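Chemist: Let me begin by handing over the structure; questions about it come next.
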Amino acid sequence: MRIALPLLAAVFAGCSRSATLPPPLPDEFRGHWSAGFETSAFVPCAGAPPSGRISVDWDQRAYARALERWPRVPERDGVARYYVRWRGALRGPAPGADTARGRVPLGAGYGHLAASMYEFHVIDVLEMRAPRRGDCAR
C-alpha cells in the first residue's frame with residue numbers, strides 16, 4: 001500500500017499541470033486550430049513556439065458559448081480545421097521540457113497523453129470559421 005499511494009499521487013499530479021503553475025495573463029490570439037479524435041492543436045498566426053506543439057484546453061463556460069455558434073467545416077481524416085480569434089492564456093514550456101530539441105518528458109507535458117510542450121487555455125471565442133487563404137497575412 002505504501003508504494004501504491006505515491007504512484008497514484010504522481011499519476012494524478014501529471015493530469016493537471018495548470019494547477020501547479022501560476023496563471024499567465026490572458027491575451028488575444030488568432031491562428032488555426034485543428035480539432036478531432038485525440039487532436040486539439042493550435043498554431044498562432046504569429047508562429048508556433050519554435051520547440052513544440054500547443055495543445056488546447058477550454059474554460060467550460062467558453063466551450064458552452066462556443067458550441068452555440070460552432071461552424072460546420074469539412075473534415076479531413078477525422079480532423080476539422082478552423083480559423084480562430086480567441087482570448088486566452090498560453091502556458092509553457094512544460095516543466096522539464098528540452099526546448100532546444102522539442103522534447104517533453106513522458107507525462108510531463110500538456111494535452112492528450114501529456115505530450116505537448118505548450119497549452120493554450122481558451123477563455124473566450126471572438127471568431128471561429130473555416131480557414132481562408134491569407135488568414136494570417138493581416
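The values are calculated or read from the model by the stated rules, or taken from the named source; none is laboratory data. A quick note: this is a predicted structure, and the numbers were derived from the prediction, not measured. Please note: Cβ atoms are built from the backbone with ideal geometry, for glycine as well, and neighbour counts cover all protein chains shown.
Chemist: So in the stretch 40-57, with the set limited to residues that are at pLDDT 85 or above and not hydrophobic (A, V, I, L, M, F, W, C), which one is nearest to Tyr118 (Cα to Cα)? Show your work before the answer.
Modeler: Going residue by residue through the stretch 40-57, those that are at pLDDT 85 or above are 40-45, 54-57.
Add one more test, that the residue is not hydrophobic (A, V, I, L, M, F, W, C), and what stays is 40, 44, 55, 57.
Numbers: Ser40: 12, Pro44: 12, Ser55: 6, Asp57: 10 Å.
That would be Ser55.
Chemist: Same structure, new question: Within the group Arg133, Arg81, Arg129, which residue is buried (at least 17 other Cβ atoms within 10 Å of the Cβ), over 19 Å from Asp27 (Cα atoms) and not small (Gly, Ala, Ser)? First the steps, then the outcome.
Modeler: Values: Arg133 fails: buried (at least 17 other Cβ atoms within 10 Å of the Cβ); Arg129 fails: buried (at least 17 other Cβ atoms within 10 Å of the Cβ).
Arg81 is the lone residue from the list that is buried (at least 17 other Cβ atoms within 10 Å of the Cβ), over 19 Å from Asp27 (Cα atoms) and not small (Gly, Ala, Ser).
Chemist: Out of (1) buried (at least 16 other Cβ atoms within 10 Å of the Cβ); (2) assigned to a helix (DSSP H, G or I), the odd one out for Ala64 is which?
Modeler: In the conditions (1) buried (at least 16 other Cβ atoms within 10 Å of the Cβ); (2) assigned to a helix (DSSP H, G or I), Ala64 misses (1) alone.
Chemist: Separate question: Output the residues belonging to the stretch 67-95 that are within 20 Å of Gly36 (Cβ to Cβ), hydrophobic (A, V, I, L, M, F, W, C) and part of a loop (DSSP other than H, G, I, E, B).
Modeler: Trp70, Val73
Chemist: State all residues of the stretch 97-138 that are closer than 24 Å to Val73 by Cβ, of a type in the set (A, V, I, L, M), in contact (Cβ under 8 Å) with a residue 12 or more places away in the chain and not in a loop (DSSP other than H, G, I, E, B); if no residue qualifies, say none.
Modeler: Val122, Ile123, Val125, Leu126, Met128
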